[in-house]
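Some notes on the structure that comes next.
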Amino acid sequence: MLIHTEPTPNPSTLKFLPGRAVMDVGTRDFATPEEAEASPLAEAIFSTGEVEGVFFGRDFISVTAAPGVEWRALKPQVLEVLLDHFASNAPLFRPGSAAQISVPPAEDIGDDPADADIVAQIRELIETRVRPAVANDGGDIVYRGFRDGTVYLALQGACSGCPSSTMTLKNGIESLLKHYVPEVEAVEAV
């Protein structure tokens with residue numbers, strides 16, 4: 001089995017492509033070793049002691065190195081974990097754990113029911129134009145709400161903590177949404 005790697009705009013994060021599906025539906029972001037306990041694979045990657053984030057996409061895994069860790073030393077360790085996992089056909093998640101994206105409701109800003117048409121336009125643009133581009137960079141974006149002209153989004157994977165994420169939000173996503181949905185005045189990360 002050959003696992004390809006790609007750089008991401010976030011220099012701390014590498015994207016690993018195993019050449020097969022990782023997640024059948026949704027995505028999953030692990031920001032701590034405790035969160036990774038739901039997945040033997042994420043837990044094994046965190047067990048290197050040099051990782052601060054693991055993200056499962058449809059056909060990739062993004063791994064974020066801890067501050068000060070060099071990819072030159074970490075990459076072979078992560079590749080070994082991935083090869084062992086995929087060669088053994090081990091399950092991605094432990095029985096009884098949530099396999100799909102877990103979005104705590106407390107983080108949602110919510111929508112005004114009067115804005116249903118606007119929200120539908122925003123969601124469609126995010127799904128068809130923004131998410132595919134963000135996935136190419138090893139991450140994901142989750143809609144959290146629309147209030148008073150502001151769209152609230154959560155960045156995950158390589159995009160979370162990326163030095164260029166503010167530029168992506170403001171110059172890319174905000175410009176796109178404002179162009180197609182005039183009611184959008186701003187985009188904020190949550």
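The values are calculated or read from the model by the stated rules, or taken from the named source; none is laboratory data. Not measured: the values here are computed from a predicted model. Here the Cβ positions follow ideal geometry from the backbone for every residue, glycine too, while neighbour counts run over all protein chains shown.
A few notes on this one:
- Scanning the range 1-18 for residues that are exposed (fewer than 13 other Cβ atoms within 10 Å of the Cβ) and without any contact (Cβ under 8 Å) to a residue 24 or more places away in the chain gives LEU2, HIS4.
- Residue in the range 176-190 that is surrounded by the most Cβ atoms within 10 Å (Cβ to Cβ), counting only those that are touching a strand residue (DSSP E or B) at 6+ places or on another chain (Cβ under 7 Å) and touching a residue at least 40 places away in the same chain (Cβ under 8 Å): LEU177
- Per the listing ASP84, ASP59, ASP108, the residue uniquely over 26 Å from THR168 (Cβ atoms) and surrounded by fewer than 17 Cβ atoms within 10 Å (Cβ to Cβ) is ASP84.
- Considering the range 88-186, the qualifying helices (runs of 4 or more DSSP H), each wholly inside and each with 3 or more residues that are touching a Phe, Trp or Tyr at 6+ places or on another chain (Cβ under 8 Å), farther than 20 Å from ALA21 by Cβ and modelled with pLDDT of 85 or more, run over 116-125.
- Subset of the range 9-59 (residues that are of a type in the set (A, V, I, L, M, F, W, C), farther than 21 Å from ASN136 by Cα and out of contact with any helix residue (DSSP H, G or I) (no Cβ under 9 Å at 6 or more places or on another chain)): ALA38
- Given (1) β-branched (Val, Ile, Thr); (2) closer than 16 Å to PRO18 by Cα; (3) assigned to a strand (DSSP E or B), number of the condition ILE45 does not satisfy: (3)
- The lone criterion from (1) under 16 Å from PHE93 (Cα atoms); (2) outside any strand (DSSP E or B) left unmet by GLY68 is number (1).
- Filtered residues of the range 19-42 (kept if assigned to a loop (DSSP other than H, G, I, E, B) and surrounded by fewer than 18 Cβ atoms within 10 Å (Cβ to Cβ)): GLY19, ARG20, ALA21, ASP24, VAL25, GLY26, ALA31, THR32, PRO33, GLU34
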